[in-house]
Amino acid sequence: MPEKLHIKLNVNGKSEEFLAEPRELLIHTLRERLRVTGPHIGCDSSHCGACTVTLNGKSVKSCTMFIGQANGAEITTIEGLGTPDALHVLQESFREHHGLQCGFCTPGMITRAAKLLEENPSPSEEEVRFGMAGNICRCTGYQNIVKSILAAASEMNAAKEAAE
Amino acid sequence: MKDDVELTREDRVANLKGMGCARKRVEDARFTQGKGNYIDDINLPGMLHGDFVRSPYAHAKVLSINTEAAMALDGVIAVLTAKDLEPLSLHWMPTLAGDKQMVLADGKVLFQGQEVAFVVATDRYIAADAVELVEVEYEDLPVITDPFEALKSDIVLREDLAGQTSGAHGPRKHHNHIFTWEVGDEEATNQVMDEAEVVAEETMYYHRTHPCPLETCGSVASMDKVNGKLTVYGTFQAPHVVRTVASLLSGIEEHNIRVISPDIGGGFGNKVGVYPGYVCSIVASIVTGVPVKWVEDRMENLMSTAFARDYWMKGRISATKDGKITGLHCHVTADHGAFDACADPTKFPAGFMSVCTGSYDIPVAYLGVDGVYTNKAPGGVSYRCSFRVTEAVYFIERMIEVLAIELNMDAAELRRINFIGKDQFPYQSALGWEYDSGDYHTAWDKALKAVDYEGLRREQSERVTAFKQGETRSLMGIGLAFFTEIVGAGPVKNCDILGMGMFDSCEIRIHPTGSAIARLGTISQGQGHATTFAQILASEIGIPADSITIEEGDTDTAPYGLGTYGSRSTPVAGAATAMAGRKIRAKAQMIAAYLLEVHDDDVEFDVDRFVVKGAPERFKTMAEVAYAAYNQAIPGIEPGLEAVSYYDPPNMTYPFGAYVCVMDIDVDTGVPTIRRFYALDDCGTRINPMVIEGQIHGGLTEALAVALGQEIAYDDMGNVKTGTLMDFFLPTAWEVPNYETDHTVTPSPHHPIGAKGVGESPHVGGVPCFSNAVMDAFRAFGLRHSNMPHDHWRIWQTAQDLGLHK
């Protein structure tokens with residue numbers, strides 16, 4: 001058994017420190033070690049995106065990243081995007097536009113969408129579809145997901161303008 | 001407790017958020033915040049993890065299993081094999097289709113990925129390590145993956161059935177044959193064919209695929225040895241059935257078993273069956289006395305739990321020269337894999353395939369189905385459809401297209417002249433079904449007008465000319481489909497699973513302050529039951545949907561029901577909800593009359609209150625009645641306000657729809673581009689238009705997947721070629737178009753609120769619609785039929801075979 005690694009992470013603003021086997025996958029660290037169960041496991045092969053988190057400012061599929069590769073990282077999951085009293089605009093928008101059904105893909109979907117809108121605050125429909133192609137949904141057929149993201153983008157831009 | 005400001009009747013109706021309201025979903029708060037509670041989120045103290053050793057061979061003898069090295073690994077608690085399960089008689093289990101299936105390999109394996117041993121360890125990594133350390137010695141046997149070959153072969157796949165000339169569904173013709181199922185009059189059908197002016201024949205293969213919900217299957221079993229109680233959490237579309245089966249298999253009394261379906265990450269039929277993983281987690285918990293979790297990974301899901309389809313269909317359809325259909329003959333060779341684990345009602349070994357006369361008035365018909373064993377995974381579930389209805393509708397919608405080619409007729413017109421007429425309902429089909437209601441001509445005309453069908457045909461014909469003149473390399477396909485589904489099983493007299501009648505249930509308790517909880521025998525997997533069932537109830541009892549909690553999936557609290565699949569929740573449990581609501585209303589009316597000091601017959605229900613007839617200013621709201629029900633002594637009436645209804649539907653419901661797909665196909669790359677998809681659905685009374693539209697989008701996308709690429713493929717050695725999402729096609733946002741939805745409303749005459757169910761319609765109608773679009777693009781060049789899935793390569797191959805490449 002290889003030596004355990006000394007890991008430090010910041011997850012949703014909280015510092016975590018522990019020893020872990022190098023082969024531990026980030027998704028298991030989050031879900032089982034830290035009980036951050038928003039990100040889900042859908043495919044084990046980075047196709048479905050249910051495990052998507054934001055790691056050091058990039059969308060990452062946490063099911064195929066070893067914990068050693070994530071050492072020192074700053075990670076945001078769905079739990080870090082909003083609170084029950086102050087939801088993220090996307091969390092509101094997905095509900096408003098029926099952008100989810102079984103909900104299993106939703107945490108990864110919203111986490112990715114939040115990053116997408118940071119990268120491109122005013123995407124076209126085509127850019128949303130392309131930018132979300134790493135996240136699979138089996139229930140909605142995407143139409144309402146795209147609608148939710150475009151609506152959130154408008155709302156966020158309007159809020160930004162109002163603030164300026 | 002009256003409102004200070006008197007609301008208008010309209011306001012009061014709106015406040016209920018009842019039937020017809022596009023109410024936002026109550027489920028979404030937890031799902032959008034990452035607070036869903038799915039099977040893999042369940043983490044009990046001291047919980048162990050189970051993992052399977054699986055067969056790399058599709059057919060082999062198991063000579064020995066050595067677990068020594070695995071057991072020696074630190075953290076491994078147990079390794080179960082068939083030998084360990086045999087004393088409990090759990091090394092085999094009954095399937096839902098009346099066959100039996102190995103829980104763990106008993107002397108041989110019959111498909112790649114079959115469960116051989118179950119490792120239990122303190123964490124999932126150790127369990128996975130231990131799986132690698134279990135040494136299994138195999139002797140490989142000849143493999144059969146083709147059902148036609150299976151029926152000719154001397155190789156016996158199921159030695160355990162040796163000498164059994166009869167199975168759960170009648171006589172067996174061969175040692176690899178499972179059943180023959182026949183419906184209709186074959187002699188009369190053949191006679192009609194012999195005398196017909198025109199007969200069209202076609203053979204088509206509806207390929208094997210998989211429901212592939214985003215969440216795989218899993219369970220957590222927890223045996224509490226102190227109290228003798230077993231709790232099983234799992235991805236169960238039918239939790240009560242699981243409880244009964246678990247009791248029968250384990251010998252634990254049913255009241256000591258509690259089955260809980262937590263949030264389910266999509267089902268689509270995958271989570272109807274009973275799998276070895278469920279059984280092993282239960283046995284392991286009983287053996288170890290601590291909770292045991294089993295969750296399959298994606299590859300295990302695609303290889304071992306519940307495939308769908310795999311039907312070889314041979315059809316003949318006869319008609320007069322001017323296109324009036326006179327008869328239909330269908331024979332199916334059904335590949336069921338290694339064990340017959342179809343999830344169909346007992347009397348229907350090929351499900352409702354006998355609805356294959358479709359939406360057409362066909363006087364004579366015959367259907368014969370032969371089930372066959374092969375070295376492929378067991379299953380045969382209804383992937384987003386009601387028991388083989390997708391196969392039936394694909395079959396008839398292809399036969400119509402083939403007949404149109406034979407007659408040189410327009411396929412839309414051929415459909416129109418053969419539709420069952422509005423005045424023919426209730427309609428008795430040649431294969432024994434009574435269609436409850438429909439208005440097909442109206443729906444079809446609306447659909448064709450919406451897409452400007454004639455304009456599309458003109459454009460298509462111009463495109464063909466341009467293609468022939470070398471001006472374009474793109475062809476245009478117009479896909480048509482008109483489908484009739486048969487959903488909502490019961491009735492109990494026809495439909496049971498393992499002897500359990502397919503009714504469903506709802507229990508309602510009204511609280512003293514005028515809010516309520518209702519529990520049902522169904523379980524949502526994304527359909528939004530907590531939202532929509534509250535709407536049914538709001539309209540029935542006048543309590544706002546926002547004040548009604550809907551709970552499902554816990555067998556200790558929910559009334560017995562047969563679960564959610566085959567679009568049965570709204571037709572059956574939805575009816576039970578309305579009926580239970582009406583019982584509440586009946587008692588509430590008596591209480592209201594007492595409070596208003598008038599006779600029971602002198603009050604009437606109006607939206608959210610009981611009003612004295614002719615004196616609308618004198619009323620009691622449902623909330624006032626609820627308070628009185630608990631807190632006021634009323635002569636002759638017991639305290640409390642609750643009701644339960646078990647609903648056995650008198651008939652199934654028959655939703656229908658008209659779909660049109662417009663597709664452009666690049667002949668040189670085989671890439672199809674969906675330009676337009678119009679879907680008109682008639683699901684009877686509409687409960688929540690937003691939820692309905694969401695179901696249509698999702699079902700169409702699953703149909704797109706199946707028609708255009710999704711497949712569970714095997715090689716000749718029985719190796720699964722599509723075991724990951726790299727190979728198994730799930731469309732992304734990039735491949736999926738925007739859909740146009742539309743509707744007509746033809747209520748079901750026998751359902752309490754006229755609703756028919758909708759979740760599966762788009763899949764049922766979508767698969768033939770996308771497929772017909774592909775084939776229609778090549779009709780002008782002589783294509784009659786080509787099999788799904790129409791991925792880029794196959795479309796390119798079709799063009800190649802027709803000589804369309806330079």
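The values are calculated or read from the model by the stated rules, or taken from the named source; none is laboratory data. No experiment lies behind these values; they were computed from the predicted model shown. So basically every Cβ, Gly included, is an ideal-geometry build from the backbone, and we count neighbours across all protein chains shown. To get the accessible areas, we keep the full protein, side chains included, count just its heavy atoms, and leave off ligands, DNA and RNA. Shrake-Rupley method; radii C 1.70, N 1.55, O 1.52, S 1.80 Å.
Observations on the model:
- Cα-based shape type of chain B, given that a ≥ b ≥ c are square roots of the gyration tensor eigenvalues and the cut on a/c is 1.5: oblate
- Size of electric dipole in segment A:5-80: Cβ of Lys, Arg +1 and of Asp, Glu -1, about Cα centre, debye, nearest 20: 100
- When only Cα pairs below 8 angstrom with a gap of at least 6 residues are kept, segment A:89-159 shows a relative contact order of 52 percent.
- Helix-only [θ]222 nm of the protein assembly as shown, DSSP H runs n ≥ 4, -39500 (n - 2.57) each, per residue, nearest 500: -8500 deg cm²/dmol
- What you get for segment B:108-178, charging only the Cβ of Lys and Arg (+1) and of Asp and Glu (-1), is a dipole of about 580 debye around the Cα centre.
- A simple count of charges around A:Glu16, restricted to other residues whose Cβ falls under 12 Å of its Cβ and scoring Lys, Arg +1 and Asp, Glu -1, yields +2.
- For segment A:84-117, a drop of 40 Å² or more in accessible area on going from the chain alone to the assembled protein chains (1.4 Å probe) is found at A:Arg95, A:Glu96, A:His98, A:Leu100, A:Gln101, A:Cys102, A:Phe104.
- Between B:Lys314 and B:Arg509, full extension at 0.36 nm per residue minus the direct alpha carbon distance yields a gain of 64.9 nm.
- Legend: P(r) of segment B:101-248 from all alpha carbon pair distances, 10 Å bins from 0, whole percents, reading 7, 19, 28, 25, 12, 5, 2, 0.
- Cα gyration tensor, the protein assembly as shown - rounded (a/c under 1.5), prolate or oblate: rounded
- Share, in percent, of DSSP beta bridges within chain B that are antiparallel, nearest 5: 80
- When the listed pairs B:Lys173/B:Lys376; A:Lys14/B:Lys24; B:Lys587/B:Lys620; B:Lys468/B:Lys806; B:Lys422/B:Lys449; B:Lys587/B:Lys613 are checked against a 22 Å cut-off, the alpha-carbon distance exceeds it for A:Lys14/B:Lys24.
- Counted charge near B:Leu230, where neighbours are those whose Cβ lies closer than 15 Å (Asp, Glu -1; Lys, Arg +1): 0
- 10 Å Cβ neighbours from other chains, averaged over peptide B:210-216: 6
- Cα gyration tensor, segment B:664-715 - rounded (a/c under 1.5), prolate or oblate: oblate
- The accessible surface of chain B, taken with every protein chain in place and a 1.4 Å probe, is 51 percent carbon and sulfur.
- Legend: calculated FRET efficiency, A:Glu16 to B:Asn37, from the Cβ-Cβ distance at R0 = 30 Å, rounded to 0.05, equals 0.85.
- Rolling a 1.4 Å probe over the protein chains gives B:Trp734 an accessible area of about 120 Å².
- Per-residue surface analysis assigns B:Ile696 an accessible area of about 0 Å², computed on protein heavy atoms at 1.4 Å probe radius.
- Each of B:Cys683, B:Thr701, B:Pro672 was scored by the projection of its Cα onto the charge dipole of segment B:600-709, and the greatest displacement toward the positive side belongs to B:Pro672; charges sit on the C-beta of Lys, Arg, Asp and Glu.
- Surface composition of segment A:5-80: carbon plus sulfur atoms hold 48% of the accessible area, using a 1.4 angstrom probe and ignoring ligands, DNA and RNA.
- Between segment B:615-649 and segment B:129-147, the alpha-carbon centres lie 64 Å apart.
- Charge sum, other residues only, whose C-beta stays under 15 Å from B:Lys100's C-beta, Lys/Arg counted +1 and Asp/Glu -1: -4
- Segment A:5-80 - percent relative contact order, Cα under 8 Å, separation 6 or more: 40
- Evaluated with a Cβ-only charge set (Lys, Arg +1; Asp, Glu -1), the protein assembly as shown carries a dipole of roughly 540 debye about its Cα centre, given to the nearest 20.
- Looking at chain B, the accessible area is 34 square angstrom per residue; that uses a 1.4 Å probe and ignores ligands, DNA and RNA.
- At least 20 Å² of accessible area lost relative to the chain alone, listed for segment A:14-42 with a 1.4 Å probe: A:Arg23, A:His28, A:Arg31, A:Glu32, A:Arg35, A:Thr37, A:His40, A:Ile41, A:Gly42
- Heavy-atom accessible area for B:Tyr646, with the other protein chains in place and a 1.4 Å probe, reaches approximately 120 Å².
- Distance between the 7 Å Cα→Cβ label points at B:Glu253 and A:Glu118: 5.8 nm.
- For the pair A and B, total buried accessible area rounded to nearest 100 Å², probe 1.4 Å: 4500
- Relative contact order (%) - criterion: Cα under 8 Å, at least six apart; region: chain B: 15
- Note on segment B:268-285 and segment B:542-560: Cα centroid distance 26 Å, given to the nearest whole angstrom.
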